[in-house]
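*Asks:* Attaching a single structure in C-alpha cells format; questions to follow.
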Amino acid sequence: MDKTSFYLFGLCILFVILKLIFILTTNFNLYGDEAQYWLWSKELSFGYFSKPPLLSWFIHLITSIFGDSFFVLKAIPVFTYCFTSYLIFIFAKKLYYDVPLALCCALTFFLLPAVSLSSFLLSTDIFLILFWTVGLIQVLKIKENPSYFNFIILGILLGITFLAKYAAIYFIISLIFLFIIEKSFRLIILQSKAKLLLALLVIILILLPNILWNYQHGWLTVEHSVDNASLDKIKINPIGFFEFLFSQIFMIGPVLFVGFLLCLYKRINFHTNEKFLISFALPALLIVLLESFLVRAHGNWAAVSLVSLSVFFVNIVYRLNKKIIYYNNYVNLLAGFVLFLAIGISFPLNVFNRIIGVNDFVQYLDEKNQNNINNIVINDRLLFANLSYAYKSKKINFYSPLGPGNKIGHHFQLTNALPVNFADNFILIGNKNDIHYLKKYKKIKLLGSKAFPFIGRNIEIYEIIFD
C-alpha cells in the first residue's frame, strides 16, 4: 500500500465514523420507502407488493437484535457498503492479481457519489449490489475451476440476488453477453451444459416460494414491475435520455469519468478482463438508457453496472495516470463529507424535503385528534408507512381504503384493507371520497388541512363518527 492509499484508507474509516455520528445528530426522518420496508419486516412473507423479500427479512433480523431505532435502520446501508467495498477489493484482486490496484478499486467504489448517497438510504439496491459483487467473484471462480460445486454456488448466489431485487435479471443477460464476446468463457459453458442447467435449477428452487407467493396473489409484484417500466406508454423522451446519462456520470464521479475520457487517447486493449467487466456493465446501462429515451428511467435503475464499470475505469486510469484516481477520490470524499454534514445538521435543502416534517405532522395530528381515536385510515402508501413507524410504540390500528372491485394499488391495501362493514370511529388522512363505499358512518368532520415537506401537498384530516 503506497502512502497516498494508506492516508485515503484512514480517511475512509474516519468517514464511516462521521457518517454514523451524523446519522445520530440529524433531525431528518425515514423516507417513506424505508419505513415501508421496516413495516414489511414486521410481517415476514415470501413476497411483497412491489419488491421481493430479502431486504425486509434482513431488517427483521437486525431489528430483532438491535431494535427499531432510526440509527439502527440507517446504519444498515452504511455497513453493507463497507462490506461490499471489501468484496470489490477481493474481486479486483482476483481479476488483476494486483493488490495496490485492487485496494484503489475498493476505495474508489466506496467513495463514488452514488455510494455515498445510497449509504444513507435503506433500499433494495444495497443487497442487490452486494450479492451481484459476490456473483462476479463466483463467475471468476468458475473460469478457474468449472466444477459442479462452483456452478451450484453461483445458482445459490443468483437466487439470493433475485430475492434482493428482480433487476438481478441483468446478471443473466450479462452472462449471455459474456458468452457471446469472450471465447474462453464460451468454451467453459459449452463444456458445462449440465452444470449450467443445475445452476438454473438451483435459482428456480430458491425463487420458488416467491414465485408461489406471486401466483397466490395474482402476480402482484410482477405486474407492478411491468407497470413501473411503463413500456405501454412509449413516448420519445430525449430530455429523459440526457438526464439519465448525466445522472450516471454523476454516480460514477465526474472526475473519474473525465479522467477516463482523457486516457482514451492511448490505445485501450480489450483483453479477457476488460471484456468481462464490460459484459457486466454495458447491458444494464444500454437497456435502461434505451428505456430513458422511450419512456423514463431513474438514476438507480442501472446501479449494478457501477461495480464492474468503476473497476474498469479505475484500471484504465490507474495504469496511465494514478494522480487522476487520487484526485477523484479526494474530491468524492469531500463531496460525501459535505453531503453527510448537511444531513447531520439537518440542512433544509429541497433534495431533503421527502425526509423533513414527519414528526411535525405527527404532532399536528395528535393536536387534531382530541378524542384520541386509535384507528387511522390512509390511502397514500408512503404516508401510511411513515406514520406506522412514527407510532410504532403506540397501539394504533392502520387501514387503507379499498372499495369493492377496485384494483390493489399498494401492499397495505393487500394486508390492511378497510372493510366495507367497518363500524369504529377513525381518523381519515387524505381524500374523503376514498371511503365512499362505507355506508354506516353518521358524521364526517374536517379537522384540518395543512402542507408538510415530506408530503409535498396539502393533506386533509377528517374525523369519521359512527356512534
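*Asks:* Being surrounded by 12 or more Cβ atoms within 10 Å (Cβ to Cβ), among the polar types (S, T, N, Q) and more than 23 Å from the chain's Cα centre (by Cα) narrows it down to one of Ser247, Ser225, Ser192, Ser174, so name that one. Full working, then the answer.
*Replies:* On the way: Ser247 fails: more than 23 Å from the chain's Cα centre (by Cα); Ser225 fails: more than 23 Å from the chain's Cα centre (by Cα); Ser174 fails: more than 23 Å from the chain's Cα centre (by Cα).
On inspection, the qualifying residue turns out to be Ser192.
*Asks:* Further question on the same structure: Please tell me if Leu205 is at pLDDT 95 or above, surrounded by fewer than 17 Cβ atoms within 10 Å (Cβ to Cβ) and either in contact with a helix residue (DSSP H, G or I) (Cβ under 8 Å, 6 or more places away or on another chain) or assigned by TED's automatic domain parsing to the domain that holds Leu285 (or both).
*Replies:* Details: at pLDDT 95 or above: yes; surrounded by fewer than 17 Cβ atoms within 10 Å (Cβ to Cβ): yes; either in contact with a helix residue (DSSP H, G or I) (Cβ under 8 Å, 6 or more places away or on another chain) or assigned by TED's automatic domain parsing to the domain that holds Leu285 (or both): yes.
It is true that Leu205 is at pLDDT 95 or above, surrounded by fewer than 17 Cβ atoms within 10 Å (Cβ to Cβ) and either in contact with a helix residue (DSSP H, G or I) (Cβ under 8 Å, 6 or more places away or on another chain) or assigned by TED's automatic domain parsing to the domain that holds Leu285 (or both).
*Asks:* Moving on. Could you please find all residues in the range 86-115 being among the hydroxyl-bearing types (Ser, Thr, Tyr) and either without any contact (Cβ under 8 Å) to a residue 24 or more places away in the chain or crowded, with 22+ Cβ neighbours inside 10 Å (or both)? Talk me through it step by step, then tell me what you get.
*Replies:* Of all residues in the range 86-115, those among the hydroxyl-bearing types (Ser, Thr, Tyr) come to 86, 96-97, 108.
Tyr86, Tyr97, Thr108, listed by residue number.
*Asks:* Another question about this same structure. State which residue is farthest from Val362 (Cα to Cα) when the search covers only the range 414-438 and only residues that are in contact (Cβ under 8 Å) with a residue 12 or more places away in the chain and in a helix (DSSP H, G or I).
*Replies:* Ranking the candidates gives Leu414 first.
*Asks:* As an exercise: evaluate Ala385 against (1) touching a strand residue (DSSP E or B) at 6+ places or on another chain (Cβ under 6 Å); (2) part of a helix (DSSP H, G or I) and give the number of the one condition it does not meet.
*Replies:* That leaves (1) as the condition not met.
*Asks:* Shifting gears a bit: Sort out for me the helices (runs of 4 or more DSSP H) sitting completely within the range 153-226 that have 3 or more residues that are more than 28 Å from Thr272 (Cα to Cα). Before you say what the answer is, go through the steps one by one.
*Replies:* Values: elements: 169-181, 183-190, 193-216.
Once the helices (runs of 4 or more DSSP H) in the range 153-226 are filtered for at least 3 residues that are more than 28 Å from Thr272 (Cα to Cα), what remains is 193-216.
*Asks:* Filter the range 152-171 down to the residues that are surrounded by fewer than 21 Cβ atoms within 10 Å (Cβ to Cβ) and more than 20 Å from the chain's Cα centre (by Cα) and list them by number.
*Replies:* Passing the criteria: Ile152, Ile153, Ile156.
*Asks:* May I ask you to verify whether Thr84 is at negative phi, under 20 Å from the mean Cα position of the chain (by Cα) and either among the aliphatic types (A, V, I, L, M) or not in a loop (DSSP other than H, G, I, E, B) (or both)?
*Replies:* Working: at negative phi: yes; under 20 Å from the mean Cα position of the chain (by Cα): yes; either among the aliphatic types (A, V, I, L, M) or not in a loop (DSSP other than H, G, I, E, B) (or both): yes.
For Thr84, the condition - at negative phi, under 20 Å from the mean Cα position of the chain (by Cα) and either among the aliphatic types (A, V, I, L, M) or not in a loop (DSSP other than H, G, I, E, B) (or both) - is met.
*Asks:* Of all residues in the range 363-413, which are more than 21 Å from Tyr31 (Cβ to Cβ), surrounded by 14 or more Cβ atoms within 10 Å (Cβ to Cβ) and either in contact (Cβ under 8 Å) with a residue 40 or more places away in the chain or touching a Gly at 6+ places or on another chain (Cβ under 6 Å) (or both)?
*Replies:* Lys368, Asn369, Ile373, Asn375, Val377, Ile408
*Asks:* Now for a different question. Just wondering, is there one or more residues in the range 426-436 that are within 28 Å of the chain's Cα centre (by Cα), of a type outside the set (A, V, I, L, M) and either within 20 Å of Ala35 (Cβ to Cβ) or surrounded by 14 or more Cβ atoms within 10 Å (Cβ to Cβ) (or both)?
*Replies:* Yes, because at least one residue in the range 426-436 is within 28 Å of the chain's Cα centre (by Cα), of a type outside the set (A, V, I, L, M) and either within 20 Å of Ala35 (Cβ to Cβ) or surrounded by 14 or more Cβ atoms within 10 Å (Cβ to Cβ) (or both).
*Asks:* Right, another one. Regarding the range 365-378, can at least one residue be identified that is within 28 Å of the chain's Cα centre (by Cα) and not in a strand (DSSP E or B)?
*Replies:* no
*Asks:* Kindly indicate the residue of the range 24-70 that is of a type in the set (S, T, N, Q) and in a loop (DSSP other than H, G, I, E, B) and also modelled with the lowest pLDDT among those meeting that condition.
*Replies:* Among those residues, the one meeting the criterion is Ser50.
*Asks:* Something else about it: State whether the residues of the range 154-167 include one that is within 26 Å of Phe257 (Cβ to Cβ) and in contact (Cβ under 8 Å) with a residue 12 or more places away in the chain. Outline the logic, then answer.
*Replies:* As a first pass, look at the range 154-167 and keep what is within 26 Å of Phe257 (Cβ to Cβ): 165, 167.
From what is left, the residues that are in contact (Cβ under 8 Å) with a residue 12 or more places away in the chain are 165, 167.
Yes, because at least one residue in the range 154-167 is within 26 Å of Phe257 (Cβ to Cβ) and in contact (Cβ under 8 Å) with a residue 12 or more places away in the chain.
The values are calculated or read from the model by the stated rules, or taken from the named source; none is laboratory data. Quick caveat: nothing in here was measured; it's all calculated off a predicted structure. As a convention, Cβ positions derive from the backbone with ideal geometry for all residues, glycine included, and neighbour counts pool all protein chains shown.
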